[in-house]
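See below for the structure under consideration.
Any read-out appearing in this document is the output of simple, stated calculations on the displayed coordinates, not a laboratory observation. Note that the structure is predicted; figures quoted are calculated from it, not measured. Virtual Cβ from ideal backbone geometry, glycine too; neighbours counted across all protein chains shown.
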Amino acid sequence: KKGVKRDKKRRLQSARKHRERLVCPEHNVPLVKWNTSFGPRWQCAEPNCTVACWSGATSSPADDRTRAIRHECHKLFDPLWKNGGLSRDTAYEKLAEVMQMSFKDCHIGLMDYEQCERVLQWLQARE
């Protein structure tokens, strides 16, 4: 039970740190929380700004263009582990190796546009 409590505490601390750093990279203003049917979503309150991200420690603020390419990456990457070919951890370990980053930091939702382009190149080369 102690291990479970410690893990929960760590996740809560991580989520709290994530919320503290949610700032629009275009306007340098804090993002505003909106509750959706999919969970909390953070977005810029400036008119016509498209910067947004989901709650949790595996998503960073991104504009429409970056969110679209992240979505495309997930569309091609997720079947590697969802269709039974690889375990989720193994798929992310391979991705982390390709991206030359740690397994812990390897989340498509944290990648910028250029990193996502590299992910797509790798995935398309696998086909």
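Projected label points at GLU72 and ASP89, each 7 Å from Cα along the beta carbon direction, are separated by 3.2 nanometres. Principal semi-axes of the equivalent ellipsoid, √(5λ) from the alpha carbon gyration tensor of the range 44-92, are 28, 12, 6 Å from largest down. Between TRP42 and TRP34, CYS53, TRP54, SER55, the built amide H atoms are under 5 Å apart, and every one of these is 5 or more places off in sequence or on another chain.
Our coupling estimate for the range 95-103, obtained by passing each phi through the Karplus curve with A = 6.51, B = -1.76, C = 1.60 and θ = phi - 60°, is 4, 4, 5, 4, 7, 6, 9, 6, 4 Hz, Gly and Pro reported as x.
Report the convex hull volume per residue for the range 49-127, counting only C-alpha atoms, in Å³. Display every interim value, and only then the final one.
Values: hull volume 6.9 nm³, N = 79.
That works out to 87 Å³ per residue.
FRET efficiency for CYS49 and GLU114, Cβ-Cβ distance as r, R0 = 22 Å, nearest 0.05?
Using R0 = 22 Å, I get an efficiency of 0.55.
Report relative contact order for the range 13-114 in percent, whole number only (criteria: Cα-Cα under 8 Å, sequence separation at least 6). Don't skip to the answer; put the middle values down first.
Working: 125 pairs, mean separation 20.9, N = 102.
The normalised contact order for the range 13-114 reaches 21 percent.
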